[in-house]
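This report concerns only the one structure given below.
The values are calculated or read from the model by the stated rules, or taken from the named source; none is laboratory data. None of the values given here were measured: they were computed from a predicted structure. Cβ: placed from backbone, ideal geometry, glycine included. Neighbour counts: every protein chain shown. To get the accessible areas, we keep the full protein, side chains included, count just its heavy atoms, and leave off ligands, DNA and RNA. Shrake-Rupley method; radii C 1.70, N 1.55, O 1.52, S 1.80 Å.
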Amino acid sequence: MVDSERDEVLVDLAIENLRQSGKLRFRAQGTSMLPTIQTGSCVAIRKAAPDQMFTGDIIFTKTSAGLRLHRVVEIRYQSSGPIFVTRCDNHEHTDRPADVADVLGKLDGIVSEPRPWARFLHRFCA
């Protein structure tokens, strides 16, 4: 399998998991959301309705370039529904506006993972 095919399959699996369970966790890559989200941070996404998203929220969208986790800087209301204008924290330019069909969920939190020794202790102390 070619890397691009593998990536496409992973994206499809992630989207389906979010749709089915309402939750998704993954390691963020890139520097676009620094300092808010560090490269390699484990982020938790939850499914959310458009009326649960506000300016300042970090939303998870599907774009032609892949999946993005960027901050909402403006919400435009049209007869077809809201349009979300996003931007990464580390740049000044905005992304192509995302309509409701492009929005998959919103950031629920940055998950701290326990250190290996903490997992070991938890197993015996729980």
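Towards the positive end of the charge dipole of the chain, with charges on Cβ (+1 Lys, Arg; -1 Asp, Glu), say which of GLY22, MET53, PHE84 has the farthest Cα.
Ranked along the dipole, the leading option is GLY22.
Run through the range 1-83 and list the chymotrypsin sites (Phe, Trp or Tyr not before Pro) located in a DSSP loop whose Cβ has at most 16 other Cβ atoms within 10 Å. Kindly include the intermediate steps, with their values, before the conclusion.
Details: sites: PHE26, PHE54, PHE60, TYR77; in loops: PHE54.
Filter output for the range 1-83: PHE54.
Determine the relative contact order of the range 36-120: mean sequence separation of Cα pairs under 8 Å and six or more apart, normalised by residue count, in whole percent. Can you show the working numbers first?
Numbers: 148 pairs, mean separation 30.4, N = 85.
Relative contact order, the range 36-120: 36 percent.
Along the range 84-94, what does the Karplus equation 6.51 cos²θ - 1.76 cosθ + 1.60 (θ = phi - 60°) give for ³J(HN,Hα), rounded to whole Hz, x for Gly and Pro?
Per-residue couplings from phi come out as 9, 9, 10, 8, 7, 5, 9, 9, 9, 8, 8 Hz.
Enumerate the calculated ³J(HN,Hα) couplings along the range 62-78 in order (Karplus 6.51 cos²θ - 1.76 cosθ + 1.60, θ = phi - 60°), each rounded to whole Hz, writing x wherever the residue is Gly or Pro.
Karplus-based 3J(HN,Hα) across the range 62-78 equals 9, 10, 5, 8, x, 8, 10, 10, 10, 7, 6, 10, 7, 10, 9, 9, 10 Hz.
Assuming 0.36 nm per residue, please report the length gained on full extension of the stretch THR36 to TYR77 beyond their Cα-Cα distance. Don't jump to the answer; show the numbers that get you there.
Values: separation 41, 0.36 × 41 = 14.76 nm, distance 2.73 nm.
Taking 0.36 nm per residue and subtracting the Cα distance, the gain is 12.0 nm.
Under a 5 Å amide H to amide H cut-off, with H placed in plane at 1.01 Å, what residues pair with HIS70 once short-range neighbours are removed?
Under 5 Å from the amide H of HIS70: ILE59, THR61.
Give, rounded to the nearest 20 debye, the magnitude of the charge dipole that the range 1-41 has about its Cα centre when Lys and Arg contribute +1 at Cβ and Asp and Glu contribute -1 at Cβ. Could you put the intermediate results ahead of the total?
Values: 5 positive and 6 negative charges, 72 e Å.
For the range 1-41, the charge dipole is close to 340 debye.
Report D for the chain in µm² per second (integer): Stokes-Einstein, Kirkwood Rh on Cα pairs, 37 °C, 0.692 mPa s. Spell out each step's value before the answer.
Values: Rh = 15.9 Å.
It diffuses with D of about 207 µm²/s by this estimate.
Counting Lys and Arg as +1 and Asp and Glu as -1, each charge on the Cβ, what is the dipole of the range 1-111 about the Cα centre in debye, to the nearest 20? Before the final figure, lay out the partial values.
On the way: 14 positive and 15 negative charges, 65 e Å.
About 320 debye.
Counting only heavy atoms of protein chains, what accessible area per residue, in Å², does the chain have with a probe of 1.4 Å?
Values: 8400 Å² over 126 residues.
Here the residues of the chain average 67 Å² of exposed surface.
In the chain, what percent of the accessible surface is made up of carbon and sulfur (1.4 Å probe, ligands and nucleic acids excluded)?
Details: 4360 of 8400 Å².
Here carbon and sulfur together make up 52 percent of the probe-accessible area.
Using θ = phi - 60° and the Karplus curve 6.51 cos²θ - 1.76 cosθ + 1.60, what whole-Hz ³J(HN,Hα) does each residue of the range 104-110 get, with Gly and Pro shown as x?
9, x, 9, 5, 9, x, 9
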